[in-house]
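See below for the structure under consideration.
All of the numbers you see were taken from the coordinates with simple rules; none came from a lab. Predicted model, so just to flag it, every value in this text is computed and none were measured. Here Cβ is always computed from backbone atoms with ideal geometry, including for glycine, and neighbour counts include all displayed protein chains.
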Amino acid sequence: MLMLLKFDSKTIKKPIISTATLETNALINILRANVGARRGEMVVEVDDSKAKEVEEIFRRFGVEVIELKEAVVKDEDKCIHCGLCISICPVEVFKFDENWKVIAETEKCIHCGVCIKVCPCQALSLPI
Amino acid sequence: MKKTIEEINRKIAEGSVCVVTAEEMKEIVEELGAEKASKEVDVVTTGTFGAMCSSGVFMNFGHSDPPIKMQRVWLNDVEAYTGIAAVDAYLGVTQLSESRGMEYGGAHVIEDLVRGKEVELRAISYGTDCYPRKKIVTEIALEDLNQAVMVNPRNAYQRYKAATNSSDRVLRTYMGTLLPNFGNVTFAGCGEISPLNNDPEYRTIGIGTRIFLCGAKGYIIGEGTQHTPPFGTLMVKGNLKEMKPEFMKAIVMPGYGVTMMLGIGIPIPILDEQLAKATAIRDDQIFTEIIDFGVPRRDRPVVRKVTYAELKSGQVEINGEIVRVSPLSSYYMAKKVMEELKRMIDKGEFFLTQPVERIPTSGKMKPMKQREVKVVKSVMTKAVTISPTTSIEEASRIIIEKNVNHLPVVDENGVLIGIVTSWDVAKAVAMGKLGKVSDVMTRRVITAMPDEPIESAARKMEQYNISALPVVDAKKRVLGLVTSEDLSKLLARW
């Protein structure tokens, strides 16, 4: 399960990720992190079997948890299959099929949003 | 045995023509050999679909009552050139909207018209005895125009330079977004299926050749601007009213602007064995260069030579690293163009033409004649440098004595390791920090090279909101300092 964690000025200073790992033995994969002085955001991946437990701990500390269900969305009417997104995506979500059509393997998406800003057709969006 | 275009057209009329796509032709020649293939195949269709900035549409709006001699005209707030007759104008695809900026431009107006939408026409004039009207605002659709002729000065590049970025920041270019430190490569052109690569001597592609232009029948009217074989280009025209929206697409290259992707297909008559051989060309025989957009100069350094086969594989090697590659052209759409042209010829809807004139098989591209290229070296001043162990107090004294605002910090070899500004010093004093400059200096310094054009230095200062750049050599030794004051003095003289 992918979770977007939002830290405020109190929670940002605490070692919450390590606590969650120690208490649940869950492996927490940090896909993206933006840590500032007063707030921070993180996208983490946790195995589905441990997700509920880990989420509980985050909430206990006062971290806002948003489950990321939908990944990047490609509007097929707008996409012209130029492939610009292919070399931009850090986790290789996009590739050509055998007909040179751009396809998206959205289960790999880490919600970084980089592709959305580079698409010349505005065909990509990231629903939260 | 040689064929003629008349013979091929007769076969098209009879419905007995053998037409294949460029993709299919490669296989056929490989299997049968060029001689046999030239007897079997009559026409090879080629195609490309990519961003072609040098495109636009001539329009005639008809006369209003009372009539106006348009001095300036806008369509959906995108200005068209009307320095020609009263109600004629040329709308270029890259022209930006005056109210919406980079999100809408000439390409979008053209696509909207082809999709049947109405656009707002606004024009102004000074008024004359023959054209008294000074202003008009109205709505027009494509069907309301007397003529709408797409005339594109440079289309269908045979091949194009690929792009990468050695610098440490993201570059947003007409070649797409380029990631720092050779993070990716982008390229344009469709390689082995692209029209000009399949007739590189331009024997059948010339002035008067009938082509497929965005779904309509168009014509080649000459070589394109910057035609530099094997980087050949074409100037083309076609009737916008006959075009189909699926074969054109207005796009926005983030940070660069608006442009238009166009679908162009060219039929190549297989008159003899040589043409069969030419249309068998493969991506691994088509070379181009990867150039470095990290250097903001006209002559950007070549990173390496590369074939279209490597580029299309999705990855290339640069300095021992695997770098991912994105095309900017759409092969998916280029193949659709080839197939649509093949269908039209098969059905007897599209006949071939003999060029009335050849286009040049060689050409040279000259740089712009400039008065002079001003470089940083010519405007830089001597830098007052200090060592990292200098006290903040001492630094403040130097700033006052030498009347400067920037002190580059250098090590014992004169190599730049930081910079301290009068602001940094004032801030340190205000906060009661009276240690060494190494405690307060900025370590990630934005620098300039001595032979960098001053425009590039000015852009860096603007981007990073700073007022000076240390000028360094290749070993990062400080040679001088260029300040925004130096540049504004220069601009004042212009």
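Couple of notes before you dig in:
- Calculated FRET value between A:Glu98 and B:Gln370, using beta carbons and R₀ = 35 Å, to 0.05: 0.10
- In the protein assembly as shown, the calculated helix contribution to ellipticity at 222 nm averages -6500 deg cm²/dmol per residue, counting -39,500 (n - 2.57) for every DSSP H run with n ≥ 4.
- The alpha carbon centroids of the stretch B:229-278 and the stretch A:53-78 are separated by 44 Å.
- Stretch gain in nm, segment B:Lys117-B:Arg169, where the contour uses 0.36 nm per residue and the Cα spacing is subtracted: 14.7 nm
- Net charge of the neighbourhood of B:Glu139, taken over other residues with C-beta under 14 Å away and scored Lys/Arg +1, Asp/Glu -1, is -4.
- Efficiency of FRET from Cβ geometry, B:Asn60 and B:Asp346, R₀ 41 Å, rounded to 0.05: 0.70
- Partners for B:Lys342 among aspartates and glutamates (Cα-Cα distance below 13 Å; same-chain residues under 8 apart left out): B:Glu23, B:Glu24, B:Asp42
- Three-way shape label, chain B, alpha-carbon gyration tensor, a/c 1.5: oblate
- As a calculated quantity, the FRET efficiency between B:Glu143 and B:Gln226 at R0 = 41 Å, using C-beta atoms, amounts to about 0.70.
- The alpha carbon centroids of the stretch B:333-412 and the stretch B:206-220 are separated by 34 Å.
- With both labels modelled 7 Å from their Cα along Cα-to-Cβ, the B:Ala430 to B:Glu7 distance reads 8.7 nm.
- Within chain A, longest stretch free of exposed GluC sites (Glu not before Pro) [DSSP loop, at most 16 other beta carbons within 10 Å]: A:1-69
- Shielding by partners, peptide B:324-335 (average Cβ within 10 angstrom, other chains): 6
- Three-way shape label, the stretch B:376-493, alpha-carbon gyration tensor, a/c 1.5: prolate
- Footprinting exposure proxy ranking of B:Phe287, B:Phe350, fewest other C-beta atoms within 10 angstrom first, gives B:Phe287, B:Phe350.
- Length available on full extension from A:Asn25 to A:Ser125: 0.36 nm per residue minus the Cα-Cα distance, which gives 32.6 nm.
- The stretch B:376-493: relative contact order in percent, alpha carbon pairs under 8 Å with at least 6 residues between: 31 percent
- Pairs beyond 26 Å (Cα-Cα), from B:Lys39/B:Lys335; B:Lys374/B:Lys427; A:Lys74/B:Lys336: B:Lys374/B:Lys427
- Shielding of B:176-183 by partner chains, average beta-carbon count, 10 Å: 4
- Taking every alpha-carbon pair under 8 Å whose residues sit at least 6 apart, chain B reaches a relative contact order of 16 percent.
- When the pairs B:Lys161/B:Lys366; B:Lys369/B:Lys476; A:Lys95/B:Lys460; A:Lys6/A:Lys108 are compared against a 24 Å limit on Cα-Cα distance, B:Lys369/B:Lys476; A:Lys95/B:Lys460 fall above it.
- Neighbourhood net charge (11 Å Cβ-Cβ; Lys/Arg +1, Asp/Glu -1) for B:Leu178: +1
- Sorting A:Ile16, B:Ile211, B:Ile264 from the fewest to the most surrounding beta carbons within 10 angstrom yields A:Ile16, B:Ile211, B:Ile264.
- Taking packing as the residue-averaged number of other Cβ atoms within 10 angstrom, the listed peptides B:171-177, B:296-302 run from highest to lowest as B:171-177, B:296-302.
- Taking 20 Å as the limit for the C-alpha separation, the pairs A:Lys101/B:Lys217; B:Lys26/B:Lys249; B:Lys69/B:Lys134 exceed it in the case of A:Lys101/B:Lys217; B:Lys26/B:Lys249.
- For residues of A:114-120, the mean tally of beta carbons on other chains within 10 Å: 6
- Sorting A:Cys119, A:Cys112 by the number of Cβ atoms found within 10 Å of their own Cβ, with the fewest placed first, yields A:Cys112, A:Cys119.
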